[in-house]
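Colleague: The following block contains the structure, expressed as structure tokens.
The values are calculated or read from the model by the stated rules, or taken from the named source; none is laboratory data. As the structure is a prediction and not an experimental result, all values here were calculated from the model. With ideal geometry, Cβ positions are generated from the backbone for all residues, glycine too; neighbour counts draw on all protein chains shown.
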Amino acid sequence: MSRHTFVSRVQGQPVTYRLDIDSGRCAPADGSPDVTTHGTMAIIQGQTFALYVDQGTLWLQWNERRWPMADVALMYGHDLEAETTTFTADGRSITYPAWWRGDPTYEPLIPEEDEVHDWLAYAAVVKSDRKMQASMLQSWA
């Protein structure tokens with residue numbers, strides 16, 4: 001029997017998805033107003049990423065693999081020449097076009113807004129902010 005949780009996509013038009021925890025697959029929820037979400041998700045380069053609370057733990061899930069947020073090692077960074085971003089979770093990496101690619105006003109020396117434009121940057125910020133993690137554990141439980 002597969003376990004699932006409900007998560008919301010927050011970038012673009014908000015949509016609630018049913019996330020199969022075992023496989024990492026997601027599908028739009030039935031739209032019932034009674035559905036309670038327990039996290040957030042994004043699809044990046046065809047891969048599913050989610051942050052959610054399950055059994056009192058905050059999890060980061062990438063397709064079928066998941067880690068307790070407290071234990072996972074995350075890295076997030078840009079290659080300015082290639083205009084790409086690389087995200088790594090415990091040695092598993094994905095490289096994709098940077099959110100600012102093609103933006104002539106982007107200035108790499110000015111503080112970035114990565115977490116506003118890139119869900120994986122948001123996940124990295126959550127990892128570094130214990131207060132944010134505690135808030136998520138409380139609101140998504």
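Colleague: Look through the range 14-52, keep the residues that are assigned to a strand (DSSP E or B) and among the polar types (S, T, N, Q), and return whichever of them is modelled with the lowest pLDDT. Reasoning before the result, please.
Modeller: Initially, the range 14-52 is screened for residues assigned to a strand (DSSP E or B), giving 15-20, 26-28, 39-44, 47-52.
Next, from what is left, pick out any that are among the polar types (S, T, N, Q): 16, 40, 47-48.
Details: THR16: 88, THR40: 94, GLN47: 95, THR48: 95.
Ranking the qualifying residues of the range 14-52, first place goes to THR16.
Colleague: So, in the range 53-74, exactly how many residues are part of a strand (DSSP E or B), within 19 Å of ASP118 (Cα to Cα) and without any contact (Cβ under 8 Å) to a residue 40 or more places away in the chain? Spell out the reasoning first.
Modeller: Our first condition is that a residue be part of a strand (DSSP E or B); within the range 53-74, this holds for 53-54, 57-62, 65-68, 74.
Still in the running and within 19 Å of ASP118 (Cα to Cα): 59-62, 74.
Cutting the leftovers down to without any contact (Cβ under 8 Å) to a residue 40 or more places away in the chain gives us 59, 62.
Selection size over the range 53-74: 2.
Colleague: Looking at (1) under 15 Å from the mean Cα position of the chain (by Cα); (2) modelled with pLDDT of 85 or more; (3) in a loop (DSSP other than H, G, I, E, B), which is the only condition GLN11 fails?
Modeller: Result: GLN11 passes all but (2).
Colleague: To continue, here is another question. Please indicate, with yes or no, whether at least one residue in the range 96-114 is in contact with an Asp or Glu (Cβ under 9 Å, 6 or more places away or on another chain), at positive phi and of a type in the set (D, E, K, R).
Modeller: No, every residue in the range 96-114 fails to be in contact with an Asp or Glu (Cβ under 9 Å, 6 or more places away or on another chain), at positive phi and of a type in the set (D, E, K, R).
Colleague: Considering only residues that are of a type in the set (A, V, I, L, M), touching a residue at least 12 places away in the same chain (Cβ under 8 Å) and out of contact with any helix residue (DSSP H, G or I) (no Cβ under 9 Å at 6 or more places or on another chain), look in the range 107-141 and name the one that is surrounded by the fewest Cβ atoms within 10 Å (Cβ to Cβ). Can you show your working first?
Modeller: Our first condition is that a residue be of a type in the set (A, V, I, L, M); within the range 107-141, this holds for 109-110, 116, 120-121, 123-126, 132, 134, 136-137, 141.
Those still in the list that are touching a residue at least 12 places away in the same chain (Cβ under 8 Å) too: 120-121, 123-124, 126, 136-137, 141.
From what's left, out of contact with any helix residue (DSSP H, G or I) (no Cβ under 9 Å at 6 or more places or on another chain): 137, 141.
Values: LEU137: 14, ALA141: 12.
The extreme case among them is ALA141.
Colleague: Could you please let me know if MET69 is touching a strand residue (DSSP E or B) at 6+ places or on another chain (Cβ under 6 Å), exposed (fewer than 15 other Cβ atoms within 10 Å of the Cβ) and modelled with pLDDT of 95 or more? Steps first, please.
Modeller: Values: touching a strand residue (DSSP E or B) at 6+ places or on another chain (Cβ under 6 Å): yes; exposed (fewer than 15 other Cβ atoms within 10 Å of the Cβ): no; modelled with pLDDT of 95 or more: yes.
Considered against the rule, which asks whether it is touching a strand residue (DSSP E or B) at 6+ places or on another chain (Cβ under 6 Å), exposed (fewer than 15 other Cβ atoms within 10 Å of the Cβ) and modelled with pLDDT of 95 or more, MET69 comes out as no.
Colleague: Within the range 82-117, which residues are part of a loop (DSSP other than H, G, I, E, B), under 21 Å from MET69 (Cβ atoms) and modelled with pLDDT under 95?
Modeller: GLY91
Colleague: Okay, next question. Can you tell me how many residues in the range 58-97 are among the acidic types (Asp, Glu) and touching a Phe, Trp or Tyr at 6+ places or on another chain (Cβ under 9 Å)? Outline the logic, then answer.
Modeller: Step one: filter the range 58-97 for residues among the acidic types (Asp, Glu), giving 64, 71, 79, 81, 83, 90.
Applying the additional criterion that residues be touching a Phe, Trp or Tyr at 6+ places or on another chain (Cβ under 9 Å) yields 83, 90.
So the answer is 2.
Colleague: Next up: How many residues does the range 36-48 hold that are hydrophobic (A, V, I, L, M, F, W, C) and crowded, with 21+ Cβ neighbours inside 10 Å? Walk me through it before giving the result.
Modeller: Filtering the range 36-48 for residues hydrophobic (A, V, I, L, M, F, W, C) gives 41-44.
Checking the rest, the ones that are also crowded, with 21+ Cβ neighbours inside 10 Å come to 41.
Qualifying residue count, the range 36-48: 1.
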